1. Please list, in order along region 117-130, the HN-Hα scalar couplings obtained from phi with the Karplus expression 6.51 cos²θ - 1.76 cosθ + 1.60 (θ = phi - 60°), rounded to whole Hz, x for Gly and Pro.
2. Residue separation times 0.36 nm, minus the C-alpha to C-alpha distance between SER274 and VAL122: what's the value?
3. Send over a whole-number figure in Å² for the accessible area per residue of region 273-336, probe 1.4 Å.
4. Apply the Karplus curve 6.51 cos²θ - 1.76 cosθ + 1.60, θ = phi - 60°, to the phi angles in region 407-420 and return the couplings in whole Hz, x for Gly and Pro.
5. If you count only protein heavy atoms and use a 1.4 Å probe, how large is the accessible surface of TYR88, to the nearest 10 Å²?
6. What ³J(HN,Hα) values, in whole Hz, does the Karplus curve 6.51 cos²θ - 1.76 cosθ + 1.60 give for region 73-89 when θ = phi - 60°, with x put for Gly and Pro?
7. Once the Cβ-Cβ distance between TYR76 and THR433 is put in as r, and R0 is 45 Å, what FRET efficiency do you end up with, to the nearest 0.05?
8. Rolling a 1.4 Å sphere over the protein heavy atoms, what is the accessible area per residue of region 1-121, to the nearest Å²?
Amino acid sequence: MRLTSYKSFLRDRKIFVDFLAILFGIGSWIGINSTFVQFPLLVASAPEGWDLPSFIVVIIQLGNLGPLAYTLVQKYSPRKILDANVIYGVLAVGCLAALTMCFVYDITAYIGGMQRSVWLFVVVFFLALVGCSSSVLFMPYMGRFREIYLITYLIGEGLSGFLPSILALIQGVGGNAQCVLRNGTDGEQNYELYTPPPRFGTEHFFAFVTTFMAVSLGAFILLENLNLCRKEYVAVKIEKGNKYTYDESSKINESGEQLTVQENAEAASLPASSYSCLLVVMAIICMFGNGIFPSIQSYSCLPYGNIAYHLTVTLSSIANPLACFLAVFLPHTSIRMISILSSIAVAIGIYAVTTAVMSPAPPLLGNVSGEILVILSWTLLNGLISYMKLSITSIFRFQGGKSLVWVGGVSQIGSFVGAILAFVLINYAEIFTSYTPTCPQP
């Protein structure tokens, strides 16, 4: 029966629409995820050093000005904006920002008497406009399609982290810093730190990102205009500003059977208490997953070496789409399961924060088991966060377009609070300490 269900699941869908939804989803966060996986290289050369992630995370949250402006216009303007037109503009901005990153990522300027990666920050802000806007534009847009396409869109959103991670694994980080004996100008020999270079630079990396942003824009153009795609709509009424209602026939699961009472309660008519509780959980997940954890990851992993940090960042990004892929075959609308996974994530998160607070001497430093443990912990933690976010999003999908907007809104609020909190703790509270390796002199 399970095999028959999967066959029906694959038969009752348009694979081409799935393909376009995945490509469309890739364009959502690929710019920001690409910046994250470049941290091992950027941190080594940027004037901000280990504090760079905390700056970047805050700037990413400033990207919420985009969806905020969109929301205000839709609420108070007498002429509502067609959401598709806004998405066209957002993806076009993403293409230009990714292309610009190829040329300006390493240009610095004096701000307040200190060197800062000003141009990197500016470009990241525009890339963040794309990602933050996707939460209140892209997901609600996909809500007009059958649920199966929302899941494939989320797989594409996960691939926006997976593809840069695979490229980063190929790129490499060069290796850990080594002490090399060199001849000085005065003829004396001194040890100097030397980090082997990666296989290719950040500029080539973002050329790849630009290509995928352009592909994502093309996929959305087809998704919006092809009749084949419009036939997969499940909403009976679609208005400007992501307002639409569902036909009762949409409350049928993908095997063609009517939803059970429990499934329908969770997916189609949530009680007010569960509705509010899930929104709060989503905000907390995003506060840590998008704000606090990325900011402190360098302090947690870099003491174990550049390679450990590089593998942690890339494998954590790979865990995102893997979690979304598993959701296709595993139950993902169970509130009970979300509660269990939340408890597991809390336990792992405590260990991750502990390693960051204890920097530059975290547990098992200098031991291979310590490196393996920190890599596995961060990878599993990011996978759990991704799975829980997808589960909550799938539950709210049946509440209508406005519910998905609420999910996107609380996600960004939680992320913003987490980013500000992490920035203050890292740059002013002196809780986290970086470590600069030195070489002994002969």
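The values are calculated or read from the model by the stated rules, or taken from the named source; none is laboratory data. Quantities reported herein were computed from a predicted structural model and do not represent experimental measurements. Don't worry about glycine lacking a Cβ; one is built from the backbone with ideal geometry, like all the others, and counts go over all protein chains shown. Only protein heavy atoms, including side chains, enter the accessible area calculation; ligands, DNA and RNA are left aside. Shrake-Rupley method; radii C 1.70, N 1.55, O 1.52, S 1.80 Å.
1. 7, 4, 5, 4, 5, 5, 5, 4, 4, 6, 5, 5, 4, 5
2. Numbers: separation 152, 0.36 × 152 = 54.72 nm, distance 3.95 nm.
Length gained, SER274 through VAL122: 50.8 nm.
3. Numbers: 2260 Å² over 64 residues.
Accessible area per residue: 35 Å².
4. Each residue of region 407-420 in turn: 4, x, x, 5, 4, 6, 5, x, 4, 5, 4, x, 5, 5 Hz.
5. The value for TYR88 is about 60 Å².
6. Whole-Hz 3J(HN,Hα) from phi for region 73-89: 5, 5, 7, 10, 6, x, 10, 6, 8, 5, 4, 4, 5, 5, 5, 3, x.
7. Working: r = 47 Å, r/R0 = 1.05.
Step by step, r from the Cβ atoms, then E = 0.45.
8. On the way: 5840 Å² over 121 residues.
For region 1-121, the per-residue accessible area is 48 Å².
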